[in-house]
There are 2 protein chains.
Amino acid sequence: MRSTPRTEAFPAHTPAAAQIFTTVLSHGPLTRSDMAARAGLSAAAVTKAVRPLIEAGYLVEEAGDEARPALGRPANSVRVDGGRALFIGVKVTGDEIIAVLTDLCCRIRVARHVPLPAREPQPVLTAVADLVHELLAEADGFGVQVQGIGVAVSGDVDRAAGEVRLSPFLEWRDLPLAELVEMTTGLPVTVDNDVRALTVAEQWFGAGVGLSDFAVVTVGAGIGCGLVVHGKVVSGAHGVAGEIGHVVIDPTGPLCHCGNRGCAEAIAADPAIVAAVRDATGLPVADAAQALELARRGDPGAREVYARAGDAIGRAIATVANLMGPERVIISGEGLAAYDLFAEQIRDAFAASAFGTAARCDLLTRPLLFDEWARGAAATAIQSFIGGPPHGTG
Amino acid sequence: MRSTPRTEAFPAHTPAAAQIFTTVLSHGPLTRSDMAARAGLSAAAVTKAVRPLIEAGYLVEEAGDEARPALGRPANSVRVDGGRALFIGVKVTGDEIIAVLTDLCCRIRVARHVPLPAREPQPVLTAVADLVHELLAEADGFGVQVQGIGVAVSGDVDRAAGEVRLSPFLEWRDLPLAELVEMTTGLPVTVDNDVRALTVAEQWFGAGVGLSDFAVVTVGAGIGCGLVVHGKVVSGAHGVAGEIGHVVIDPTGPLCHCGNRGCAEAIAADPAIVAAVRDATGLPVADAAQALELARRGDPGAREVYARAGDAIGRAIATVANLMGPERVIISGEGLAAYDLFAEQIRDAFAASAFGTAARCDLLTRPLLFDEWARGAAATAIQSFIGGPPHGTG
DNA sequence: TTGATTCTTTTCCGCCGTCAATGAAAGAAA
DNA sequence: TTTCTTTCATTGACGGCGGAAAAGAATCAA
């Protein structure tokens, strides 16, 4: 067996250095003066923060002399060398494990997935370890160390403690997951809730870059929501936040597994849509793909179900916007495959329900590939590696 | 006319000093070691931060040797000298102006109110200036300077800019209120949204002390909500947040002025209750007091209206709890006069609609006196005076 | 070559907060 | 009474971080 790889420490020991690095990471190549302006620091501080990062190879000077203003000394851009470090992100769902190998810029290099052998912690841990070791072998091919692992699980996760408090899908309780995976891999492990992990990825590498207040809404098997307020991901006082799936849209609507009627999730999540399409058409629709095909073919009953789902999603998003006033809401999730069927309803319902200036909030859709969840997990690992504020500033 | 009083600068020029002071302000008398522990600073830093504050008279040693542990040198408690500085808080409602004179601990010394002469900015400004000058005269009697004025207005207010962007009740738009009041009073003025101001008061002087995530829900002429997330009051990217009043509770419910049906405000705010009681009983009920009396006397129609209102409020609070996961929700507002009529419904609806650990959130009611809104405004003035982070840390 | 302009680095300095040692105020033990 | 122990508070030295200002570097224009 391979000797346990030793990870190195990220050479940003001052807050300013971490801030500078994340600024470059998120905002692409930047000149030193740009960094100073964006980070609110002096030029001198930037020089001092950048040097050790360049020496350690995390930042590199960029030759790109594109379109400079013809006068004065040309500015030297600096960018993150994505290839300097690798990370592994793992997402454990109810029926499979997805893992990706990413670089420091969170670009996916390799993706793998295997079916979940069973739901008990032990077989899942073994499967995760196997998958991680596969990716570590791949990483050897790049000649670069893997510096950390992120694991994303749905449910109540305490990132700081590295524990899964409660995962209904997997039926886990108070499992010290970070410690367990660290033992089998020898690498630092960050455990976080899946939606929060996806939100971190958007905040650092996606459509949330530079925003201090935004939300990520995921539509799929469930309906989730990650929130960033004051530049930090919201975790809630009791470890749970963003439960948009249980915002009640219609108190006379279908029964939800939470016991109430007409939750967003009971109207617009995949299982609810499948059930509603079956009801509306009388056809033996088995899964979301079949429901989608039926609607695409023009079945009026199925189309109506999707329209209602879109309306529910739009209302739920408006509720979030009314309460927190985000600058942008990023809509994502497997359910977006049906986006053409309910886009209009989402926007209409949002516009009708958003109050006052909350309506100025920008709605953005972002198709979610199957490995995106795992990429979110990798983003949390990158965040931990850089060691900025836990759930760091945008 | 009195010569314009000069205000002094608060002698806390380092972040640590401001943090220490607000810690003592919120957590009552503290020994130096307590401060160090709470603020996460070294004992030495505390000593250095405290000295200038004592020399300037803002902090005083307290002789209180209560219950000390019989061993070792007794600890010296330090507390804020509330009488060291005075502040004025002004709340402008749709039909009156309420002003209070408070001390540095936000204890009300004098309260005044006058009817609103008209809604145009000019007469309101004159009335505010008159009221402020009355309170300044009172302050002379205490022999202490007034160090700042806070003004609270409902609607979209940009505190940093000191502008009222839009106040529907008063029909104001883009009014540089802080600047205008500063001109007539010569004192520093802080302008903020009324619910946010009340939230600041709870955060620094009330039931939100020490909590990094909580919400304040106000029930009365409207239904509002102030949020504190990550220790800071949420203002929203577009200046508006906490619009809990327009969370839809029942899409088939009564029409709301926002254009939708069944908003919390259209069910549980005072005007909605009055209208519903009138409908239910056929009696010419004119205002909330009459509706309340009717229900207290046992009229079943009226009682049912209050029960429905309580249910709506409970559901709305659950929505907030599900989304943000606050540690506590403080329920307040004039509407609480009817608390006995809907307390049970609020709690039941909350318990039924709160999902998972969000239900652990603590519901607290806090009776709201008529001058509490103005006190909130004073709290914002105190906050600005101390100059901690804008919408400072808990 | 000199100058103008702009970006970057260097050098110096101030400031803040920690560390470690010292001092202070009690009660307990001798 | 004296000394010890314990805990709280203060002092002074130290180190680190970030800013200001001046010097250096790279380019084009005259």
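The values are calculated or read from the model by the stated rules, or taken from the named source; none is laboratory data. No experiment lies behind these values; they were computed from the predicted model shown. Cβ placement follows ideal geometry from the backbone for every residue including glycine, while neighbour counts extend to all protein chains displayed. We work out accessible area using only protein heavy atoms, side chains counted, and drop any ligands, DNA or RNA first. Shrake-Rupley method; radii C 1.70, N 1.55, O 1.52, S 1.80 Å.
Expressed as a fraction of 2.2 N^0.38 Å, the value expected for a compact globular protein of N residues, the C-alpha radius of gyration of the stretch B:85-132 is 1.17.
Note: the stretch B:15-80, Cα convex hull, 84 Å³ per residue. For chain B, the membrane-span-like helix rule (DSSP H, alpha carbon extent of at least 24 Å along the helix axis, mean Kyte-Doolittle at least -0.5) picks out B:121-142, B:300-324; this says nothing about an actual membrane. Please compute one quarter of the surface area of the Cα convex hull for the stretch A:89-241 and express it in square nanometres. So the mean shadow area of the Cα hull is 8.7 nm². Whole-percent P(r), the protein assembly as shown, all Cα pairs, 20 Å bins from 0: 15, 43, 34, 7, 0. The three principal axes of the Cα atoms in the stretch B:292-394 give end-to-end lengths of 52, 36, 14 Å, sorted in falling order. In this Cβ point-charge picture (+1 for Lys and Arg, -1 for Asp and Glu), the protein assembly as shown has a dipole of about 1360 debye about its Cα centre. Taking the label point 7 Å along Cα→Cβ, B:Ala137 and its counterparts in the other copies are spaced 8.9 nm apart, in ascending order. Take B:Tyr339, move 7 Å from Cα toward the beta carbon, and the resulting point lies 4.8 nm from the same point in each other copy, nearest first.
Counting only other residues whose beta carbon sits under 14 Å from that of B:Leu368, what net charge do I get with K and R as +1, D and E as -1? Write down the numbers at each step before the final one.
Working: positive: B:Lys91, B:Arg366, B:Arg375; negative: B:Asp194, B:Glu202, B:Asp270, B:Glu334, B:Asp371, B:Glu372.
It works out to a net charge of -3.
Counting only lysines at least 8 places from A:Lys48 when in the same chain, those with an alpha carbon closer than 29 Å to its own are A:Lys232.
Think of it as helices only: each DSSP H run of n ≥ 4 in chain B is worth -39500 (n - 2.57), and spread over all residues that comes to -12500 deg cm²/dmol at 222 nm.
Taking a Cβ cut-off of under 14 Å around A:Gly301, the surrounding Lys, Arg, Asp and Glu residues balance to a net charge of +1, with basic ones at +1 and acidic ones at -1.
Under the simplified labelling scheme, the A:Glu138-B:Ser42 pair shows an inter-label distance of 4.8 nm, with each label point 7 Å from Cα along Cα→Cβ. Between A:Arg107 and B:Arg261, the FRET efficiency from the beta-carbon distance, with R0 = 45 Å, is close to 0.45. A convex hull fitted to the Cα coordinates of the stretch A:229-287 yields 116 cubic angstrom per residue.
Simple rule: put +1 on each Lys or Arg Cβ and -1 on each Asp or Glu Cβ in the stretch B:15-80, find the dipole, and look at B:Leu59, B:Thr47, B:Asn76; the Cα lying farthest toward the positive end is B:Thr47.
The slack between B:Val114 and B:Glu61, meaning 0.36 nm per residue of separation minus the straight C-alpha distance, is 15.1 nm. When the alpha carbon coordinates of the stretch B:1-159 are projected onto the principal axes, the ranges are 64, 35, 29 Å, largest first.
Enter the Cα centre distance for the pair the stretch A:205-227 and the stretch B:171-247, rounded to the nearest angstrom. Computed from Cα coordinates, the inter-centre distance equals 26 Å.
What FRET efficiency would be calculated for the residue pair A:His13, B:Ala275, taking the C-beta separation as r and a Förster radius of 56 Å, to the nearest 0.05?
Efficiency at R0 = 56 Å is approximately 0.35.
Distances between copies at B:Phe169, taken between label points 7 Å from Cα along the C-beta direction, are 4.5 nm in increasing order. The label-point distance for A:Glu182 and B:Arg296, in a model that sets each label 7 Å from Cα toward Cβ, rounds to 6.0 nm. With contacts taken as Cα pairs under 8 Å at a separation of at least 6 residues, the stretch A:323-394 carries a relative contact order of 42 percent. Distances between every pair of Cα atoms in chain A, grouped in 20 Å steps from 0 to the bin holding the largest one, split as 27, 53, 19, 1 percent. For the stretch B:15-80, the dipole from Cβ point charges (+1 on Lys and Arg, -1 on Asp and Glu) about the Cα centre works out to 200 debye, to the nearest 20.
The residue among A:Gly262, A:Gly220, A:Met324 whose Cα reaches farthest toward the positive pole of the charge dipole of the stretch A:209-365, with charges on the beta-carbon of Lys, Arg, Asp and Glu, is A:Met324.
Normalised by residue number, the volume inside the convex hull of the Cα atoms of the stretch A:209-365 is 109 Å³ per residue. Here chain A is treated with +1 on each Lys and Arg Cβ and -1 on each Asp and Glu Cβ, and its dipole about the Cα centre works out to around 980 debye. How much net charge surrounds A:Ser332 when only the other residues with a Cβ under 10 Å from the Cβ of A:Ser332 are counted, with Lys and Arg +1 and Asp and Glu -1? Result for the local shell: -2. When DSSP beta bridges are restricted to pairs lying wholly in the stretch A:127-221, around 55% turn out antiparallel.
Just need the relative contact order of chain B here, percent rounded to a whole number, with Cα pairs under 8 Å and 6+ apart. Computed over chain B, the figure is 17 percent. The relative contact order of the stretch A:15-80 comes to 39 percent, based on Cα pairs under 8 Å that sit 6 or more residues apart. Solvent exposure of chain A, expressed per residue, is 40 Å² of accessible area, with all protein chains present and a 1.4 angstrom probe.
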